[in-house]
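Enquirer: Quick one: the structure is below, and I'll ask about it shortly.
Read-outs: derived from the displayed coordinates by stated rules, not from any lab. Bear in mind that the values here come from a model prediction, so they are computed numbers and not experimental data. A quick note on method: Cβ atoms are made from the backbone with ideal geometry, for glycine too, and the neighbour counts reach across all protein chains shown.
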């Protein structure tokens, strides 16, 4: 050993109110007050001190057995990056560009329902080729997600894809799930019967809040709000296939930003068991209507904290109701595992975790990449076509390699030394759309600003370490109501 009483292992740190937050490469973290932090970095901690033992157990320092510690860190790091071993698990298929609605923030830039199907709908030949391509993924489990437009307009294509995937999979043996992303307005008896026959199909829909909020952005082609039709179809679907197979996304807009409590209440009253507070993306029609839809990131963060406090209170009163985005982040912070959330991975999940097949067989690395092309004609993120290219051509393309190379946040300026880096991820498509190149510039990046704001909020909860709030958080991570958690995990951070 050296003349030093202990040596440091790699970590990042940042001042956090009156404390210092430390985080290492595998996501272990702790808070130190400034006096203890000064003693730590000047190697003045004694091995007999509890803080020394804590920092050693979390692998911020070592005084012996370095090879064993490196092996432990390597195992933890491989666990965090486990998603890379599965490769592309999410396969989104745009079965039609047509839609019966004309939402103010429509990312897909959809076309009217009576548009020429040859120019808008996925052919059965293309659909079957997309399925074959998806099943070539090395992932043992894949999810096929039907996108649009409104995918139920092309229900025949959906039915054919499900049948083809199930038939081909008999000789492959993957675990396949299907998701239909729909506004629900075209739900019919035929579709419900199909869903009852295929239990591995779930429904993802959109609900922005009570009627006045929902209809502010989500109208049909004649300008009539869709809320009442949505609710009727939702109740019908809920009573037939069960609420467990139905989830919903909401989009935060200026119309509901200051009324998020009403949105949460609408979700609870509708029977949903969670909510995902999704900020608006500047793509498609949202970009065209940005003057009406834009809001300040700091305003979003203020209202996000207010509504998260409200949701926590609901849970403390016995109503199990997670906020999904918070749950994803807490899972990344408080457990050894990553998550399947494509938007927060390093390297970015674009292409290597999720991919989208356009109606004509063009393959894009993400839904946002497809939206970018639809709005601007820019095909920078198109990595091939299922009719012209092989699986190897597409998933080993130079474009995809460039994205992987430039989206490892461990080596990106601004990310490499950020204390939140172990829990965050890159977004090359957003960087390209907002700043003109995929590497991006964090200090002028709205998404980075928002992510840091949410991380700061969550780590403030963790610093305070309120037992009741921590029980709520762990109930979300474990997907169980508080009263079903056998034992509280106890202390979460050294203070």
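Enquirer: If I model a spin label at residue 111 and residue 222 as a point 7 Å from the Cα along the Cα→Cβ vector, what separation in nanometres do I get?
Expert: Label-label distance for residue 111 and residue 222, simple model: 2.3 nm.
Enquirer: Given contacts defined as C-alpha pairs under 8 Å and at least six residues apart, what's the relative contact order of segment 83-393, whole-number percent?
Expert: Values: 526 pairs, mean separation 72.2, N = 311.
Answer for segment 83-393 is 23 percent.
Enquirer: Once you have the Cα-Cα distance between residue 66 and residue 33, take 0.36 nm times their residue separation minus that, and quote the gain in nm to one decimal.
Expert: On the way: separation 33, 0.36 × 33 = 11.88 nm, distance 2.69 nm.
Contour length minus Cα-Cα distance gives 9.2 nm.
Enquirer: May I pose another question? Assuming a ≥ b ≥ c are the square roots of the Cα gyration tensor eigenvalues, decide whether segment 223-325 counts as rounded (a/c under 1.5), prolate (otherwise, with a/b larger than b/c) or oblate.
Expert: On the way: a/c = 2.28, a/b = 1.19, b/c = 1.92.
Oblate shape, in that a/c is at least 1.5 and b/c is the bigger or equal ratio.
Enquirer: Sort 261-267, 466-472 by packing, meaning the average of other beta carbons within 10 Å per residue, with the highest value first.
Expert: On the way: 261-267: 18.7, 466-472: 16.3.
Descending packing order for the listed peptides: 261-267, 466-472.
Enquirer: Taking R0 as 51 Å, what's the FRET efficiency between residue 44 and residue 175 from their Cβ-Cβ distance, rounded to 0.05?
Expert: Values: r = 53 Å, r/R0 = 1.05.
After rounding, the FRET efficiency stands at 0.45.
Enquirer: A follow-up question, please. What does segment 1-64 give for Rg and for Dmax, in Å, if only its C-alpha atoms count?
Expert: Both quantities, over Cα of segment 1-64: 11.2, 36 Å.
Enquirer: Using Cα pairs under 8 angstrom and six or more residues apart, how large is the relative contact order of segment 361-495, in percent?
Expert: Working: 115 pairs, mean separation 19.1, N = 135.
After rounding, I find 14 percent.
Enquirer: Nearest 500 deg cm²/dmol is fine: what mean residue ellipticity at 222 nm does the chain get from its DSSP H runs of n ≥ 4 alone, each adding -39,500 (n - 2.57), divided by its residue count? Could you put the intermediate results ahead of the total?
Expert: Values: 20 runs with 205 residues, N = 495.
Helices in the chain give a 222 nm mean residue ellipticity of -12500 deg cm²/dmol.
Enquirer: Looking at the square roots a ≥ b ≥ c of the eigenvalues of the Cα gyration tensor of the chain, which shape do they give, rounded for a/c under 1.5, prolate if a/b is larger than b/c, or oblate? Please report the intermediate quantities before stating the final value.
Expert: Working: a/c = 1.88, a/b = 1.53, b/c = 1.23.
Verdict is prolate for the chain.
Enquirer: Using R₀ = 51 Å, calculate the FRET efficiency as 1/(1 + (r/R₀)^6) where r is the Cβ-Cβ separation of residue 54 and residue 231; round to 0.05.
Expert: Details: r = 52 Å, r/R0 = 1.02.
Step by step, r from the Cβ atoms, then E = 0.45.
Enquirer: Along Cα→Cβ, 7 Å out, is where each label goes; now give me the distance between the ones at residue 460 and residue 309 in nm to one decimal.
Expert: 0.9 nm
Enquirer: Then there is this: For residue 168 and residue 18, calculate 0.36 nm times their separation in residues minus their Cα-Cα distance, and state this gained length in nm to one decimal. Present the calculation step by step, with values, prior to reporting the outcome.
Expert: Details: separation 150, 0.36 × 150 = 54.00 nm, distance 5.90 nm.
Additional length available on full extension: 48.1 nm.
Enquirer: Still on this structure: At 7 Å along the Cα-to-beta-carbon direction for both residue 434 and residue 296, put a label point, then send me their distance in nm to one decimal.
Expert: With each label placed 7 Å out from Cα toward Cβ, I get 1.7 nm.
Enquirer: Calculate how many DSSP beta bridges within the chain are antiparallel, expressed in % of all such bridges and rounded to the nearest 5.
Expert: Values: 21 of 51 bridges.
About 40 percent, rounded to the nearest 5.
Enquirer: Still on this structure, please answer the following. How much length is gained on full extension from residue 190 to residue 468, taking 0.36 nm per residue of separation minus their Cα-Cα distance?
Expert: On the way: separation 278, 0.36 × 278 = 100.08 nm, distance 4.66 nm.
Taking 0.36 nm per residue and subtracting the Cα distance, the gain is 95.4 nm.
Enquirer: Here is a follow-up. R0 = 22 Å: FRET efficiency of residue 324 with residue 86, Cβ-based, nearest 0.05? Kindly include the intermediate steps, with their values, before the conclusion.
Expert: Numbers: r = 21 Å, r/R0 = 0.95.
The formula returns an efficiency of 0.55 here.
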